[in-house]
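To start, the structure itself, in structure tokens.
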Amino acid sequence: MLKSFKVMLVPNNEQRTRLFQFAGTARFAYNWALRKEREAHDAGEKFISNFDLRKEFTVLRNSGEYPWLKTISNNVTKQAIKDCVDAFTNFFKKQSRYPRFKSKRRGDFSFYQDTDKIRITATQVKLEMISTSRRKNRRQLNWIRLAEVERIPVGVKYKQPRITFDGLNWWLSVTVEFEPEKTQADGEPLGIDLGIKNLAVCSDGTIYPNINKTKTVKRLKKKQRRLQRSVSRKYEMNNTKGESYSKTRNIIKSERKLLRIHHRLANIRQNYRHQITSAIIGRKPSSITLEDLNVRGMMSNRHLSKAVQEQGFYEFRRQIEYKAQWSGIIVVIADRYYPSSKTCVACGHMKKNLRLSERIYHCENCGNEIDRDLQAAINLRRYAS
Ligand SMILES: [Zn+2]
């Protein structure tokens, strides 16, 4: 089984400059190869092979016409040329459109690293030739810091290491060959109730609160709303002639700020989901039961849609499912109409009309009182057994 990891990089200024140079060189090599292929194609000549292109590129590299080419790792251009050849092959197989040139404006910033040259530790990654100084490279002074510690397994073989820029940050993604657990986990089965008040309530009593209600997130959201309003107001102000909207330097600046907040929020939520799903899997329950959430139905409720979207239930379930698979845990999805909240855990009585506002379930039959979400989680656990 293949497992992929994507972790943000924290480069210093010098490293950041180099990353842009690497991405620029990859773009250069890709476009160079594309131009060659297009010329051949337009002239009705044969498709140029990867081997021939690389040979020609090496000549170009050694010619000294572009001296900076020598400061960038060979593997970066090698992979970029291969990408271009693949794009053309896919086009000939009618699997993709006619390949177009990569552009800085469109945000094409990415490059590959050689699988043998890349080095990853718990905290850092070393990319080939990122430092122009040999001494620095050897003395490991130029390793790039990873934003998340111990996320990527070390001492394994990496596939397709790729470095990309998303407009704000640089990211490292790698794929690792992984053996899933063969023996089944043997802990207590677990039921999980997902919701808005708390993200997840587990049948063992563990509660994971809604991160969107924390101070940090609330403050960021407030900032986001204020910026959004100010940006649209600026657009209105510029639109004096009533013709077209133009972007001023100020608007560009504000929009970049807005994008930064947006990314930050998305990162906080995603990290939180990863933390929780990993913690749940780490307890090694023999099975995990989740509700088959009617997310689309919930989204149509305009009072809830925003909150539902922020919780990312699908993503939560996706993480549980793949992480469970690695650890030999069975995942059960309960039927959408299974009355997990409405059934009394003590006597099995079903309350037909349970209002959403009833946070504590009072059983009319046996008098039992229990938190509504915890009851749902316990019922879900029972569903699987
Ligand atoms: Zn009861």
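Convert each backbone phi in the range 106-114 into a coupling constant with the Karplus relation 6.51 cos²θ - 1.76 cosθ + 1.60 (shift: θ = phi - 60°), then list the ³J(HN,Hα) values in order as whole Hz, x for Gly and Pro.
7, x, 7, 10, 6, 7, 9, 10, 5
If you project the alpha carbons of the chain onto their three principal axes, what span does each projection cover, largest first, in Å?
So the extents along the principal axes, rounded to whole Å, are 88, 66, 48.
When a footprinting reagent is the concern and you count Cβ atoms within 10 Å, what order do Ser341, Ser63 take, fewest first?
Working: Ser341 20, Ser63 10.
Least crowded to most crowded, the residues run Ser63, Ser341.
Taking the Cα centre of each part, how many Å lie between the range 32-104 and the range 212-236?
44 Å
Compute the FRET efficiency between Ile252 and Val331 as 1/(1 + (r/R0)^6), taking r as their Cβ-Cβ distance and R0 = 35 Å, and round to the nearest 0.05. Present the calculation step by step, with values, prior to reporting the outcome.
Working: r = 45 Å, r/R0 = 1.30.
With a Förster radius of 35 Å, E is 0.15.
Divide, for the range 26-127, the radius of gyration over alpha carbons by 2.2 N^0.38 Å, where N is the residue count. Don't jump to the answer; show the numbers that get you there.
Numbers: Rg = 15.0 Å, N = 102, 2.2 N^0.38 = 12.8 Å.
This ratio for the range 26-127 stands at 1.18.
Can you give me the angle between helix 372-384 and the longest principal axis of the chain, using Cα atoms only, in degrees from 0 to 90, rounded to the nearest 10?
Relative to the chain, helix 372-384 is tipped by roughly 80 degrees.
Give the long-range amide H neighbours of Gln124: residues separated by 5 or more places, or on another chain, with amide H under 5 Å away, using H modelled in the peptide plane at 1.01 Å from N.
Sorted by chain and number, the residues that satisfy this are Leu146.
Which ³J(HN,Hα) values, rounded to whole Hz and listed in residue order, are derived for the range 8-22 from phi using the Karplus coefficients 6.51, -1.76 and 1.60 in 6.51 cos²θ - 1.76 cosθ + 1.60 with θ = phi - 60°, glycine and proline given as x?
Along the range 8-22, the couplings run 6, 9, 10, x, 7, 4, 5, 5, 4, 4, 5, 4, 5, 5, 4 Hz.
Go through the range 340-354 residue by residue and turn each phi into a ³J(HN,Hα) via Karplus (6.51, -1.76, 1.60, θ = phi - 60°); whole Hz please, and just put x for glycine and proline.
Here the 3J(HN,Hα) series is 5, 8, 8, 9, 5, 6, 7, 10, x, 5, 10, 8, 5, 10, 9 Hz.
Mind checking which of Asn13, Ala346, Ala40 is farthest towards the positive end of the chain's charge dipole, using Cβ charges of +1 (Lys, Arg) and -1 (Asp, Glu) about the Cα centre?
It is Asn13, whose Cα lies furthest towards the positive end.
Given a cut-off of under 8 Å on Cα pairs at least six residues apart, what relative contact order in percent is computed for the range 190-384?
Details: 239 pairs, mean separation 57.1, N = 195.
Relative contact order here is 29 percent.
Please give the length that would be gained between Ser96 and Arg226 if that part of the chain were fully extended, namely 0.36 nm times their separation in residues minus their C-alpha to C-alpha distance (nm, one decimal).
Numbers: separation 130, 0.36 × 130 = 46.80 nm, distance 4.17 nm.
Taking 0.36 nm per residue and subtracting the Cα distance, the gain is 42.6 nm.
By count of other Cβ within 10 Å, fewest leading, how are Cys84, Cys363 ordered? Write down the numbers at each step before the final one.
Details: Cys84 24, Cys363 19.
Least crowded to most crowded, the residues run Cys363, Cys84.
Given +1 on the Cβ of Lys and Arg, -1 on the Cβ of Asp and Glu, and no further charges, what dipole in debye does the range 190-384 carry about its Cα centre, rounded to the nearest 20? Please list the in-between numbers first.
Values: 40 positive and 16 negative charges, 345 e Å.
Here the size comes out at about 1660 debye.
Would you please name the GluC sites (Glu not before Pro) within the range 165-257 that are DSSP coil residues with at most 15 other C-beta atoms within 10 Å of their C-beta? Can you show the working numbers first?
Details: sites: Glu177, Glu181, Glu236, Glu243, Glu255; in loops: Glu181, Glu243.
Hits after loop and neighbour filter: Glu181, Glu243.
If one takes the longest principal axis of the Cα atoms in the chain, at what angle in degrees, from 0 to 90 and to the nearest 10, does the Cα axis of helix 50-63 lie?
Taking Cα atoms only, the helix is inclined about 60 degrees.
When the helices in the chain are scored as -39500 (n - 2.57) per DSSP H run of 4 or longer and the sum is shared across all residues, what 222 nm value do you end up with, to the nearest 500 deg cm²/dmol?
Working: 10 runs with 166 residues, N = 385.
Here the helix-only value at 222 nm equals -14500 deg cm²/dmol.
Could you give the length gained by full extension between Ala346 and Asn13, i.e. 0.36 nm per residue of separation minus their alpha carbon distance, to one decimal place?
On the way: separation 333, 0.36 × 333 = 119.88 nm, distance 6.16 nm.
Between Ala346 and Asn13, full extension yields an extra 113.7 nm.
What number comes out for the charge environment of Asn74, summing +1 per Lys or Arg and -1 per Asp or Glu over other residues with Cβ under 11 Å away?
Details: positive: Arg54, Arg61, Lys70, Lys78, Lys117; negative: Asp114, Glu128.
Combined, the nearby Lys, Arg, Asp and Glu give +3.
Given the Cα atoms of the range 190-384, and with Rh set as the inverse mean 1/r over their pairs in the Kirkwood sense, what is Rg to Rh to two decimals?
1.11
For the pair Thr214/Arg119, report the inter-label distance in nm, with labels modelled 7 Å from Cα in the Cβ direction.
3.4 nm
Evaluate the charge dipole of the chain about its Cα centre and quote only its size in Debye, nearest 20, assuming +1 on the Cβ of each Lys and Arg and -1 on the Cβ of each Asp and Glu.
Values: 77 positive and 38 negative charges, 444 e Å.
That gives the chain a dipole magnitude of about 2140 debye.
Rounded, prolate or oblate: which fits the range 272-385 when a ≥ b ≥ c are the square roots of the eigenvalues of the alpha-carbon gyration tensor, with rounded for a/c under 1.5 and prolate only if a/b beats b/c?
Working: a/c = 2.18, a/b = 1.30, b/c = 1.68.
In terms of gyration-tensor shape, oblate.
When the chain is fully extended, how far beyond the present Cα-Cα distance does Glu148 get from Glu236, taking 0.36 nm per residue of separation? Could you put the intermediate results ahead of the total?
Numbers: separation 88, 0.36 × 88 = 31.68 nm, distance 4.11 nm.
Fully extending the segment from Glu148 to Glu236 adds 27.6 nm.
Using the structure shown, list the pairs from Lys221/Lys323; Lys55/Lys117; Lys218/Lys284 with a Cα-Cα distance above 24 Å, or answer none.
Numbers: Lys221/Lys323 30 Å; Lys55/Lys117 22 Å; Lys218/Lys284 33 Å.
Exceeds cut-off: Lys221/Lys323; Lys218/Lys284.
Only the coordinates and a few stated rules stand behind these numbers; no lab work does. Just so we're clear, the structure is a prediction, and the values are computed from it rather than from any experiment. Glycine gets a Cβ as well: all are built from the backbone with ideal geometry, and neighbour counts include every protein chain shown.
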